[in-house]
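K.L.:
Encoded as structure tokens, here's the structure I'll be asking about.
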Amino acid sequence: MKRAVICVSILFYSLFAADLSRWARPDHIPTPKNNPLTKEKMELGRLLFFDPRLSRDDTVSCASCHIPYYYWTDRVPKAVGIEGRKGTRNTPTIINSAYLKTLFWDARADSLEQQALGPIEAKAEMDLSAGRLVKKLKNIKGYVTLFEKAFPERGITKETIAEAIASFERTVVSGESPFDRWVRGDEGAISEEAKEGFEIFTGKGHCKSCHNGFNFTNESLNNIALGDDDPGAYILNNNPIWKGSFKTPTLRNVAETSPYFHDGSVHTLEEAVYICGNGGRYKDLKGRSPFFRDRSLSIEEVRRVVRFLETLTEERPKIFEPEKFPK
């Protein structure tokens, strides 16, 4: 009898460990064959990412919205560009973007290379066309030299600019969190409340239906019934099924990246979890994703899920603005 109990216990532990393995951190950064990572590209991309000269009036850089200290977000509801222009959506973190198949809230970009120039050319953000950017950088001798080193015989083009920025962004990966240590077997890494929250997250709350795997997103597009008038992915293909639908964001460092959702309308993690766990802000809203249902999470259950989500926070990133830029 004792031997049978031991066998059952071992089997249960093995199944539980196997289930946790889906949340384990990967051991490599995926890169496209046509843009392999090199030290020269990554350093050039870092300079470009932080350089405000990539905007029309030399005041805004990529890092103006993606601030390392704020886990690569900006802590405001909507992005703010040159001349104080306000965007229409919240700034998503770039952490772990190397693992994403699509970019932007509406999933309109299929690669980091395709995404990189979007904010630079956007009127509400950096407002500088790719053509003007190329001319601008070609007039900076330091950049001409760095591009020749990173892209021999190609030099400064809109493609190499995008490839350099994308190469840097791929290096922005999440560090180890308490949750990661728990997945590896350190039972004391997170609290009992957090463990209970993870059980609700993967069970009753059905949160893992969208927030799955190491990066806590399956990248699906969903209308979560927030009730705003942003068309979301619908604007790309005019398919009614995508109206008001937005991409599922990563939950890495989510406790430190408020405000939440594409419209930045929610300022606390408790409220965000309550909305997602209970069928949206407006449960009768037409067009709500069919599997986005009211799971009847209580305030206490929401609190426990939040305790779990807090374990996804790593130490603050240690990448800082370059001390100087090419001249």
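K.L.:
Could you tell me which of the residues E196, E187 is surrounded by fewer than 15 Cβ atoms within 10 Å (Cβ to Cβ) and under 21 Å from V306 (Cα atoms)?
P.N.:
E187
K.L.:
Checking S209 against (1) within 27 Å of A63 (Cβ to Cβ); (2) outside the structural domain of Y99 (by TED's automatic domain parsing); (3) out of contact with any Lys or Arg (no Cβ under 7 Å at 6 or more places or on another chain): exactly one of these is not met. Which one?
P.N.:
Checking S209 against (1) within 27 Å of A63 (Cβ to Cβ); (2) outside the structural domain of Y99 (by TED's automatic domain parsing); (3) out of contact with any Lys or Arg (no Cβ under 7 Å at 6 or more places or on another chain), the one that fails is (1).
K.L.:
For the list (1) farther than 15 Å from T202 by Cα; (2) surrounded by 12 or more Cβ atoms within 10 Å (Cβ to Cβ), I need the number of the one condition that L309 fails.
P.N.:
Status for L309: all satisfied but (1).
K.L.:
What about V266, is it at pLDDT 95 or above, surrounded by 17 or more Cβ atoms within 10 Å (Cβ to Cβ) and closer than 14 Å to C207 by Cα?
P.N.:
No; evaluated as a whole, the condition is false for this residue.
K.L.:
Turning to a different aspect of this structure: Does any residue of segment 248-271 turn out to be basic (K, R) and more than 23 Å from N215 (Cβ to Cβ)?
P.N.:
Within segment 248-271 (the criterion being basic (K, R) and more than 23 Å from N215 (Cβ to Cβ)), the answer is no, since none of the residues qualifies.
K.L.:
Within segment 280-306, which residues are crowded, with 20+ Cβ neighbours inside 10 Å and either in contact with a Lys or Arg (Cβ under 8 Å, 6 or more places away or on another chain) or not assigned by TED's automatic domain parsing to the domain that holds S220 (or both)?
P.N.:
Hits for segment 280-306 are G280, L297, E301.
K.L.:
Identify all residues within segment 299-327 that are assigned to a loop (DSSP other than H, G, I, E, B), aliphatic (A, V, I, L, M) and at pLDDT 95 or above; write none if there are none.
P.N.:
L312
K.L.:
Going through segment 119-144 one residue at a time, which ones are among the aliphatic types (A, V, I, L, M) and without any contact (Cβ under 8 Å) to a residue 12 or more places away in the chain?
P.N.:
none
K.L.:
Any residue at all in segment 222-238 that's buried (at least 20 other Cβ atoms within 10 Å of the Cβ) and aromatic (F, W, Y)?
P.N.:
no
K.L.:
Only one of L236, L226 is assigned to a loop (DSSP other than H, G, I, E, B) and aliphatic (A, V, I, L, M); which?
P.N.:
The conditions single out L226.
The values are calculated or read from the model by the stated rules, or taken from the named source; none is laboratory data. Predicted model, so just to flag it, every value in this text is computed and none were measured. Note: ideal-geometry Cβ built from the backbone for every residue, glycine included; neighbour counts use all protein chains shown.
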